[in-house]
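A short write-up of the structure that comes next.
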Amino acid sequence: MKKADLVVIGGGPAGMAAALAAWEKGVRDILILERDRDLGGILNQCIHNGFGLHAFREELTGPEYAARYIDMIQEKKIPSLLNTMVVDVQGGSPCVVTAMNKEQGMFRVEAKGVVFAMGCRERPRGAMNIPGFRPAGIYSAGTAQRYVNIEGRMPGREVVVLGSGDIGLIMARRMTLQGASVKMVAEIMPYSGGLKRNIVQCLDDFGIPLKLSHTVTQIHGTDRVEGVTVSRVDEDLRPIPSSEEFIRCDTLLLSCGLIPENELSQSAGAQMDDVTGGPVVNGKLETTVQGIFACGNVLHVHDLVDNVSREAGQAGAFAADYILHGEEEWGEAVRPKIPVKTKCALPKDRDPANDLICIGCPAGCLITAKKMEDGSLSITGNTCQKGEDYARSEMTAPARNVTSIIRVNDGAGKVVPVKTASEIPKEKIHACMEEIRAAVIQAPVKIGDILIENVAGTPVPVIATGNMPRIP
């Protein structure tokens, strides 16, 4: 039987932050168990930017954010077992973790403490109760994201997205950039479930309609999706008769919420919280099972990865205290503070020409910008300088960052994530994507490498945001 002071289950942002915090507290015998082929978790497929504004005071893509933590893990020589599935955890003194992988088969690890950092998963189609057969072409948005951004495969060419959470909005843009036609995003609620800035840069920028108070009521096709019926719903979220509209498509992406990944928590005997969907914890993020701590999206679904890392750091530090100084009285259950998500309802009388939604940060301030008779701009509603700068740019020369993938020859993977090194004119986005889609590069590639110079006739290069080693 293997032994370790601390076993961290999950090598995503939560798991890595917990391991690093425990290491800083003095625990050196740490083992990370990760079921995927790389550390980084879901961040590896989130190639868009918007990460790290709090943790690193700069805007990063998902792979860049993950790479910061991976570098720190490697610097401190914290070991990890990849492609390893944990099948059972028993708490106590000691805890026993049972796992398996191709090289070692089934094995057990005896640990003084365990941190659960398994993340979350998407709600399946079965939770939506949509009538119809089970044809090819129905994907969760996260599955489609992995196909496109990690495997370089397109799930379809004519797409309808059900659910306007952030991942649904982001995949509407992503599929458009890769050449698909996104017919609409349908949302059963009268407001979007995503950030206002994502409505602007994922839908408005590409003319993709957002149908609020609408849902998919029928999926057509037996072998492959041939279309969907979309219906308006009433105040009780029930479809309104005679409001049906048939939309021809070959792909339906479902973006209908996330659920903490807690099979291990339940099998370990942890008491579960009906509100958060995660385990019940005390003020030190310890579950009701001795020696097992929980953090990140397995505890409750977070909006920002920066908050995941912060909370996981606390869990790792508490786990280290437990390992180094012994168990204290469990105390009382404490529900983690979950920020109340603001309903993303844009003003109905908004004038798109003058009423702007700032995309500089998740706040999405509504800014009014008007050109005065003397040629100057009157800007109101912004809460920081970034908002004013965005409004001036949007009124004079709108620009956007572009993130995508480029195909790789002789690499450990098929594609590498990329981004424009800075913003390019908004009207150049499609020309930029044509060059990116046509490009093929040779491995190895490392973060920061220039892969295309002067993209779409601009002085801006396209740079790698992920590493891609050559196949040995």
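The values are calculated or read from the model by the stated rules, or taken from the named source; none is laboratory data. Nothing here was measured: the structure is a model prediction, and the numbers come from that model. We place every Cβ from the backbone using ideal geometry, glycine too, and count neighbours over all the protein chains shown.
Listed conditions (1) within 18 Å of Ile359 (Cα to Cα); (2) surrounded by fewer than 22 Cβ atoms within 10 Å (Cβ to Cβ) are all met by Tyr390, apart from (2). Just to verify a result, which residue in segment 393-420, among those that are small (Gly, Ala, Ser) and buried (at least 17 other Cβ atoms within 10 Å of the Cβ), is modelled with the highest pLDDT? Step by step, filter segment 393-420, then rank; the result is Ser404.
Here's the yes/no breakdown for (1) surrounded by fewer than 18 Cβ atoms within 10 Å (Cβ to Cβ); (2) closer than 25 Å to Thr143 by Cα; (3) not aliphatic (A, V, I, L, M):
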| residue | (1), (2), (3) |
| --- | --- |
| Gln271 | yes, no, yes |
| Thr288 | no, no, yes |
| Glu311 | no, no, yes |
| Ala315 | no, no, no |
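Those strands (runs of 3 or more DSSP E) of segment 20-132 in which at least 2 residues are under 26 Å from Gly168 (Cα atoms), considering only elements entirely within it, cover 49-51, 120-122. When restricted to residues that are assigned to a loop (DSSP other than H, G, I, E, B), surrounded by 21 or more Cβ atoms within 10 Å (Cβ to Cβ) and in contact with a Leu (Cβ under 9 Å, 6 or more places away or on another chain), segment 421-472 contains 1. For segment 197-211, the count of residues that are in contact with a Lys or Arg (Cβ under 9 Å, 6 or more places away or on another chain), assigned to a strand (DSSP E or B) and modelled with pLDDT of 95 or more is nonzero.
Put simply, of Gly62, Gly52 the only residue that is in contact with a strand residue (DSSP E or B) (Cβ under 9 Å, 6 or more places away or on another chain), more than 24 Å from Gly277 (Cβ to Cβ), not polar (S, T, N, Q) and not assigned by TED's automatic domain parsing to the domain that holds Asn149 is Gly52.
Residues in segment 288-302 that are farther than 16 Å from Ala111 by Cα and in contact with a helix residue (DSSP H, G or I) (Cβ under 8 Å, 6 or more places away or on another chain): Cys295, Gly296, Asn297, Val298, Leu299, His302. Evaluating Ser140 against the criteria (1) within 20 Å of the chain's Cα centre (by Cα); (2) small (Gly, Ala, Ser); (3) within 23 Å of Val27 (Cα to Cα) leaves one unmet condition, (3).
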